[in-house]
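Undergrad: One structure, as structure tokens, below. Some questions next.
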Amino acid sequence: MKRDCDEEYLRSAKKIRFAGRVFYIFDYVYEPAEDTFLIAKHLKVDGFILDVGTGCGILSVLAASKAKHIVAVDINPYAARCAKINAEVNGVSDKIDIFIGDLFNPIHENLTFDTILFNAPYLPDEKRKESKSLIEYAWSGGKDGREVIDRFIQQAPKYLKPYGRILLVQSSLSDVEKTIREFRKRRLQARIIDEEKIFFETISLIEALNLRKF
Ligand SMILES: C[S@@+](CC[C@H](N)C(=O)[O-])C[C@H]1O[C@@H](n2cnc3c(N)ncnc32)[C@H](O)[C@@H]1O
């Protein structure tokens, strides 16, 4: 019954191809774009990976060939389901565990990772709302664009192994310099490693390294 339901879903879902793989994009799920491809370009990752805000699961699937294991999280249940299907379709579901939740909430507090990925919702959103719609979760960073980014920076270091690294994508519209300062305050070595100009903004890929042994 579930399998029939999944097949029905796949027939109606949008399909994209990237790096020789196929990805289904369900309704209410972020379709990979320039920010996704910017982080994908720098995905030389091995070890244990945490993919925060996995969306359709594209970064987890791409990382799966080299990674030991991947944990993927998304607050949007449609995204978590889409990522699960894409992991299956690409033959890597044995390497990826997918959870629905807010940032690090589903992660056991003693778990640490070699790499933490986050293509964050980073656009300033002037409208004050009680709650976000599912697709708004993909892009809306609240009033100054930093609502989710700031919470991520506060929590992420605890889940990073010694010598581990964070790859975070955000826009010039949500104060990239503040992100670098906030990582440095937490004793991570942070810098922009790649950028792309699109329309009215520049998208930056920020790397934050944990150079401490313990
Ligand atoms: C810009 S999309 C990136 C999706 C995918 N990683 C990619 O690169 O194509 C941001 C994703 O983060 C998820 N997200 C937003 N806020 C979140 C939160 N607080 N906790 C977990 N996931 C969140 C959204 O639902 C969305 O899937």
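Each value in this text was obtained by applying a stated rule to the coordinates, not by laboratory testing. All values derive from a computational prediction rather than experimental measurement. So basically every Cβ, Gly included, is an ideal-geometry build from the backbone, and we count neighbours across all protein chains shown.
Undergrad: What whole-number volume per residue, in cubic angstrom, does the convex hull of the C-alpha atoms of the chain give? Spell out each step's value before the answer.
TA: On the way: hull volume 27.1 nm³, N = 214.
It is 127 Å³ per residue.
Undergrad: Can I ask one more? Which pairs break 26 Å Cα to Cα here: Lys143/Lys185; Lys41/Lys213; Lys15/Lys161; Lys66/Lys213? Kindly include the intermediate steps, with their values, before the conclusion.
TA: Numbers: Lys143/Lys185 23 Å; Lys41/Lys213 28 Å; Lys15/Lys161 35 Å; Lys66/Lys213 24 Å.
The answer is Lys41/Lys213; Lys15/Lys161.
Undergrad: Going 7 Å from the Cα of Ile193 along its beta-carbon direction, which residues of the range 97-117 have the amide nitrogen within less than 20 Å of the resulting point?
TA: 112-117
Undergrad: Based on other C-beta atoms within 10 Å, arrange Lys213, Lys132, Lys197 from fewest to most.
TA: Working: Lys213 6, Lys132 17, Lys197 10.
Placing the least packed residue first, the sequence is Lys213, Lys197, Lys132.
Undergrad: Now a separate question. In nm, to one decimal, how far is the modelled label at Lys66 from the one at Thr202, with both set 7 Å along Cα→Cβ?
TA: Using points 7 Å along Cα→Cβ, the separation is 2.6 nm.
Undergrad: Okay, next question. How long are the three semi-axes of the equivalent ellipsoid for the range 83-151, computed from the Cα gyration tensor as the root of 5 times each eigenvalue, in whole Å, largest first? Please report the intermediate quantities before stating the final value.
TA: Numbers: eigenvalues 146, 51, 24 Å².
The three semi-axes for the range 83-151 are 27, 16, 11 Å.
Undergrad: Continuing with the same structure: Of His69, Cys56, Ile135, which is farthest towards the positive pole of the chain's charge dipole, taken about the Cα centre with +1 and -1 on the beta-carbons of Lys, Arg and Asp, Glu respectively?
TA: The Cα lying farthest towards the positive end belongs to His69.
Undergrad: Also: Taking the Cα centre of the chain as origin and charging only Cβ (+1 Lys, Arg; -1 Asp, Glu), how large is the dipole, in debye to the nearest 20? Please report the intermediate quantities before stating the final value.
TA: Values: 34 positive and 32 negative charges, 158 e Å.
Approximately 760 debye in magnitude.
Undergrad: Before anything else, pin down the relative contact order of the range 45-170: Cα pairs under 8 Å, at least 6 apart, normalised by residue count, whole percent.
TA: 26
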